[in-house]
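Taking it in order: structure first as C-alpha cells, then the write-up.
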Amino acid sequence: NKYLDEKLVIDQLQFGLGHTVLVDSGLNVNMKNDESVNRDDSTLDYCRLNDITIPDSVTTIGGGAFSGCVELESITIPAGLETIYADTFRNCTALKNVVIDAKNEVYRSEGNCIIRNSDNALIVGFAFCQIPAGVTKIEQSAFVAAGSTLEEIIIPNTVTSIGNSAFN
C-alpha cells in the first residue's frame, strides 16, 4: 500500500537509546517549515514501500534518493522529470517495473531500463533489465541499482561505449 490511511501520531515513533536523526532535527518531518526540507538527496533511502509514483511537479531526482529500497518493485516517473542519476536507485534490487510517462522528452523506460532519449544512452539498469537494441552506450555506474543481484546481461551490438564501473 503506497498511502497510509492513518495520520502519524507521536506514539507510533520508536526511539533507540542513542540519538537519532529524527530527534536531532527536532521531529521536523512532513511539515511546512524550512527544517523539514531534505537537502542530502537521500529522500527515501531504505524505505519499505513497494510502489511509488513520483508527482508531476518533480523535475529532478537526486543521487541516492531511493538508495537501498530493497522492497521497491514499481516506480512511475512523470513527464516533467529532467534529471536523474545512476545512483538514484542504488541497490533497489527488486525493482522490476519502471514506468516513465510517454510525454517525457528526456527519458524513456524500455526493457526495465532508464534510457536518455537524446543519445540512446542507458542511464539506469536494474536487476531485471533487458538492454534494448538501439542503445548506443551504457553510462558510468549504470547498474548500481542492481546491486549484487545482476546475474546475466546481454549487451546488444548497437552499444559502442561502456562507462567506468557500469557493472560495479
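Please treat every number below as a calculation from the coordinates, not as lab data. Being a predicted model, the structure only gives us computed values, none of them experimental. For neighbour counting, all protein chains shown are included, and Cβ atoms are generated from backbone atoms with ideal geometry for every residue, glycine included.
Quick notes on this one:
- Once the Cα-Cα distance is subtracted from the 0.36 nm per residue extended length, the F167 to D51 segment shows a gain of 39.2 nm.
- Extent along principal axes [Cα atoms of the stretch 55-104; Å; largest to smallest]: 27, 20, 15
- For the stretch 108-159, the equivalent ellipsoid derived from the alpha-carbon gyration tensor has semi-axes of 16, 11, 9 Å in decreasing order.
- The modelled label-to-label distance for the pair S118/A79, using points 7 Å beyond Cα in the direction of Cβ, is 2.1 nm.
- Each principal axis of the Cα atoms in the stretch 75-155 has its own extent, and those three values, largest first, are 32, 24, 19 angstrom.
- Mean Cβ count within 10 Å, highest first, over the residues of peptides 71-82, 49-60: 71-82, 49-60
- Loop-resident sites, the stretch 84-168, for chymotrypsin sites (Phe, Trp or Tyr not before Pro), counting at most 15 other Cβ within 10 Å (DSSP): F167
- Modelled spin labels at K103 and I154, positioned 7 Å past Cα toward Cβ, are 3.5 nm from each other.
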